[in-house]
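Only one structure is covered here, and it is reproduced in the block below.
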Amino acid sequence: MKLRDIQHIRYNRWIFSVNDNFLCAQPELNSAINYCIQVSENTSGALQEFYTLLIDLQKDLVQIKEGIHHRTLSEINSFLNNQNYEHKVIYDLSASELRYYIKLFNQFAKIKKIRKAEAYRLEAYNSEKILAVSFIKRDNKPLCINFYRVTKQRATNLHSFSIQQDLSASQSGRAHRALHWLDILEFKNMGVSYYDFGGWYPGQSDRSLLNINRFKENFTTHKVKEYSGVIYKKPILILLKKLFS
């Protein structure tokens, strides 16, 4: 995959034009729907604070490992040294491959009662060649899967989920940690500047999200504040937003 140095793509959703702006200071706001995803400024005062955790892939491996909790490194090594596994990162997915992985995530989302994948966005990322899907398989069966938006600036984790529901919590945890580590190595070797865990929960009430925070914090404590949200330009969309907000 050739890394692209971009912070904006444009596509259509239903009858509306869409801008996806990510990791930029001056988002383009000339479409009906303008998504601002982890941008550096609170554009038009319309966005919400968004926190995430980063690993600087420009550092050498020794420095990166120094930022990872020793127990997490032990669990990664335990998995890699004691399991027969296949790791792969797929770029430029075929339409059928993308549908397959979206279906797997949506099955997971139904069980966990979380939002389904935004298929229209993943399809647009794939068309622009900035989408990657990684997995770890054992006995030719996927254990866990990650979705990424990959540019020169960052490999941003969009979705991370388990497939084998019969795995114990410890087995699933080791597989997930190993997958993130192998992906980190992959993206570092490609020349990506940062690995982005795709969000950090700033609240205190949701125990499951706090557990996810702890998982990510065992890899890095480099936390940054950005801004995310959507800015509508069509009057009908502005009205609908007011009605349902």
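Under 1.5 on a/c is rounded, so check that first for the stretch 1-44, then, if it is not, pick prolate when a/b is larger than b/c and oblate when it is not; a ≥ b ≥ c are the square roots of the alpha carbon gyration tensor eigenvalues.
Here the stretch 1-44 falls in the oblate category.
Grab the DSSP H runs of the chain that are 4 residues or longer, score each as -39,500 (n - 2.57), total them, divide by all residues and round the 222 nm result to the nearest 500 deg cm²/dmol.
When only DSSP H runs of four or more count, the value is -11500 deg cm²/dmol.
Note the full-extension length gain between Ser168 and Glu118 as 0.36 nm times their separation in residues minus their Cα-Cα distance, in nm to one decimal.
Once the chain is fully extended between Ser168 and Glu118, it gains 15.1 nm.
What does the extension gain come out to for Lys234 and Leu80, with contour length at 0.36 nm per residue minus their alpha carbon separation?
50.3 nm
With Kirkwood's inverse mean 1/r over C-alpha pairs for Rh, give me the Rg to Rh ratio of the stretch 65-125, two decimals please.
1.11
Amide H neighbours of Tyr51 under 5 Å, counting only residues 5+ apart in sequence or on other chains, H built in-plane at 1.01 Å?
Under 5 Å from the amide H of Tyr51: Trp200, Glu226.
When a/c reaches 1.5 or more, the comparison of a/b and b/c decides; with that in mind, is the chain rounded, prolate or oblate per its Cα gyration tensor?
Prolate, since a/c reaches 1.5 and a/b exceeds b/c.
Taking H placed 1.01 Å from N in the peptide plane, check which residues at least 5 places from Leu158 or on another chain put their amide H under 5 Å from its amide H.
For Leu158, the qualifying residues are Phe147, Tyr148, Arg149.
Among rounded, prolate and oblate, which fits the stretch 139-215 when a ≥ b ≥ c are the square roots of the eigenvalues of its C-alpha gyration tensor, a/c under 1.5 means rounded, and a/b larger than b/c means prolate?
oblate
Counting only C-alpha contacts under 8 Å and six or more residues apart, can you give the relative contact order of the stretch 1-95 as a whole percent?
16
Counting only C-alpha contacts under 8 Å and six or more residues apart, can you give the relative contact order of the chain as a whole percent?
Dividing the mean separation by the residue count of the chain yields 32 percent.
Mind checking which aspartates and glutamates have their C-alpha under 15 Å from Lys188, skipping anything on the same chain fewer than 8 residues away?
Leaving aside aspartates and glutamates fewer than 8 places away in the same chain, those within reach of Lys188 are Asp56, Asp60, Asp196.
Exceeding 24 Å between C-alpha atoms, which entries from my cross-link table qualify? They are Lys88/Lys216; Lys110/Lys223; Lys129/Lys234; Lys112/Lys233; Lys116/Lys152.
Lys110/Lys223; Lys129/Lys234; Lys112/Lys233; Lys116/Lys152
Read-outs throughout are calculated quantities, based only on the coordinates presented, and are distinct from any laboratory measurement. Please read these numbers as outputs of a predicted model, since none were measured by experiment.
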